[in-house]
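Contents: one structure, followed by commentary.
The values are calculated or read from the model by the stated rules, or taken from the named source; none is laboratory data. Since we're looking at a predicted model, the values are computed, not measured. Note: ideal-geometry Cβ built from the backbone for every residue, glycine included; neighbour counts use all protein chains shown.
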Amino acid sequence: MKTRLVGTTLPVLEIGLEQGDRIISEPGRFSWMTRNITLQTTARTAGVSSFLGVIGRALSGGGIFMNEYQTSGPQGMVAFAAKVPGSIVEVQVNAGQTYFIHRHGFLCGTEGVELTIGFQRSLGAGIFGGDGFVLEKLSGNARAWVELGGEVVTYTLAPGETLQVHPGHIGMFEGTVNFDIALLPGLKNKLFGGDGLFVANLTGPGQVWLQTLTMPNLAHALEPYLAREGGNTSVISGDSGAGIGGAIAGGVIGSVLGGLFGKND
């Protein structure tokens with residue numbers, strides 16, 4: 001099996017398969033492949049063989065079904081592209097070794113990879129809304145690839161050394177690292193700090209991979225282009241039958257024209 005990472009900002013992982021090789025990925029990860037690659041969608045894979053195991057994997061973000069790829073000829077190729085600007089990190093998982101990765105971080109892995117739910121906490125989801133905080137547990141005996149958002153910053157924590165991290169910036173860490181979620185100290189920090197209510201405590205020994213781009217921050221940066229007040233969106237997007245896509249395109253174009261020509265009072 002040969003692999004190649006192409007690109008920087010939005011990388012793609014190309015995997016060359018030989019007979020007997022098998023790649024397992026979450027649904028919706030496939031980008032392109034040669035004609036001699038066969039695809040099988042199944043629930044009982046990635047170390048899961050029971051109904052409860054399938055449900056647990058789905059709760060962790062892995063999905064009920066997984067996709068398996070193999071070649072029907074002597075060689076074949078399948079590719080998986082990153083969904084957001086960031087990095088693709090390869091991990092060698094050995095028997096008895098575990099990694100915890102952020103929800104939807106698993107890109108693909110070789111046969112023998114095991115993906116289950118590793119950590120779940122509501123973080124007040126019942127009061128404040130949202131899906132809470134979930135981590136996937138990566139184990140087995142395989143090679144695996146993990147997608148992390150933005151740039152990747154790694155730390156090797158000594159025994160007893162603690163790093164406090166905003167939960168959204170946690171990309172991956174070794175199973176030897178102790179992990180806990182705590183409330184952000186200080187009432188004013190909680191109410192007016194703008195950094196959320198919770199902080200993650202990562203205590204060594206072990207390696208930690210942090211991601212600089214989080215999905216909430218990306219959504220916040222795009223928000224001005226997705227929803228514009230006033231008449232810009234309706235004028236540019238055309239008739240109401242254009243749907244959501246037209247509204248989004250209208251918002252983007254409207255913001256550009258507004259910036260170029262300004263508004264007359």
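Scanning the range 30-38 turns up at least one residue that is part of a strand (DSSP E or B), modelled with pLDDT under 95 and within 30 Å of residue 222 (Cβ to Cβ). The residues of the range 1-43 that are more than 21 Å from residue 65 (Cα to Cα) and of a type in the set (D, E, K, R), listed by number, are 2, 4, 14, 18, 35. Filtered by the rule that a residue be under 16 Å from residue 149 (Cβ atoms) and surrounded by fewer than 17 Cβ atoms within 10 Å (Cβ to Cβ), the range 12-27 gives a lone residue, 12.
Summed over the range 197-215, residues that are touching a helix residue (DSSP H, G or I) at 6+ places or on another chain (Cβ under 8 Å), in a loop (DSSP other than H, G, I, E, B) and either farther than 27 Å from residue 9 by Cβ or modelled with pLDDT of 85 or more (or both) total 2. Among the conditions (1) at pLDDT below 95; (2) in a strand (DSSP E or B); (3) of a type in the set (D, E, K, R), the only one that residue 188 does not satisfy is (2). Figure legend. Inter-residue proximity from the range 109-138: first residues modelled with pLDDT under 60, second residues surrounded by 19 or more Cβ atoms within 10 Å (Cβ to Cβ) and part of a strand (DSSP E or B), beta-carbon distance below 9 Å, spacing 6+ or different chains. Indicated pairs: 122/133; 123/133; 125/133.
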